[in-house]
Each structure stands twice: as structure tokens, then as C-alpha cells.
Amino acid sequence: MTTVPSLDDDLLTEGVPEAEFNPGIASRLPSKNVAAAALIRDGQGRVLLLEAVYKPTWVMAGGVVEANEDPHLGCTRELAEELGLETVPGRLLVVDWVPRHGVWGDQLQFVFDGGTLSPTQIDSIQLQESELRAAHWVAPEDLPSVPLAPSLLRRLVASLTALAQGTTEYTTYGRSGR
């Protein structure tokens, strides 16, 4: 059986990190926030959306990826924290660039296939009360009628399209075609 090297092993094989050619340049480079979410469905094809306590619009399951955390692992962690689900998301569906808006810097949002939950898994969901007020299962055709930010609605549609087509999409603020 072949052992897969760990991330630490991979970093060691890269060698000594390169030195800054211009001292201090690394600290002046822009940083980007990263978030990861899961497109979770039930047996009827409805999408799981969450009512957050900290904003007026609904959100997908997921959240901000921590510093030096892989987005896929961050999504897995967020599903466990927010919903009590011990599940590993599937393939990447969408990478969406979100521009700076108000006090929030620009961000990369990764959407992974959260799969179809069984009735037992759905019954086991335990919302993180400090962040979530309620969970809703919404049919794709009803998405435009629920309180979603327009960019999230576009991202959800792109995610559903990528899922159906077996593709991975890159979007800009939820808009395809780039």
C-alpha cells in the first residue's frame, strides 16, 4: 500500500522557502478572504439554506476558511460546527470571486457538492444556535422567492448547473461566462 505524503511532508520537499527579493514585499501584498460552502440536497432535490442570526438574508452551509486551512477541509469543519454533520463534501462545483463591498474585502468562495442527505442525516442536523436560527429546504424553482442576496442566488444557480452538467464553474459575483 502506498502512503500519501502529508502536507507537512510536501512542504519539506519544497525546500527552504524563497527569500524576499525585495524585503518586506510579502507583507505589502494583498490578502484575500476565502469561504467554502456545500450545496446540500434532500431526496426531493431541495436545497438546504440556513437562516443566520447575524444577517437578514439566508446562507448556504459553510463559512470562512481559517488561515492556512484547505477550503475543502474548512467546508468539512464548518458542516460539523454549524450542523453537527460528520460528512465530507464531494467535488468542487464553483469558485466564485466576490468583489470588495463596504467594509468586506474581496473573497474567493468555493462551493462543493454536499450530496443528498438521507432522512436520518436530516433528522440528525443540530443547528449551531449562536449562528443559525433555522434551516429551510427549498426547491430550486423557488430560490428566487426566498431572502437571498442576489449574488448568492446566482452562485446557487451556477452550482446547480455545474452539478447537473458534471462541470466546475468559475464565476464572478455569481455570474458565469468568463
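FYI, it's all coordinate maths here, none of it is from the lab. No experiment lies behind these values; they were computed from the predicted model shown. Counting neighbours? That spans all protein chains shown, and the Cβs are built from the backbone with ideal geometry, glycine included.
List of remarks:
- Helix-only CD estimate at 222 nm, as mean residue ellipticity for the chain, using -39500 (n - 2.57) per DSSP H run (n ≥ 4): -7500 deg cm²/dmol
- Amide proton proximity set for THR172, modelled H, under 5 Å, gap of 5+: TRP97
- Taking label positions 7 Å along the Cα-Cβ direction at both SER130 and ARG91, the computed distance is 3.7 nm, reported to one decimal.
- Most mobile of TRP104, TRP58, TRP137 in a GNM of the chain (Cα contacts under 10 Å): TRP104
- Binned Cα-Cα distance frequencies in the chain - 10 Å width, integer %: 9, 33, 34, 16, 8, 1
- Amide hydrogen neighbours beyond the local backbone of LEU132, cut-off 5 Å, H modeled: VAL53
- Spatially, the range 126-142 and the range 1-74 are offset by 22 Å when compared through their Cα centroids.
- Once both labels are positioned 7 Å from their Cα atoms along Cα-to-Cβ, the gap between THR161 and THR2 label points is 3.6 nm.
- Where labels lie 7 Å past Cα in the beta-carbon direction, separation of THR13 and TYR170 in nm: 2.6 nm
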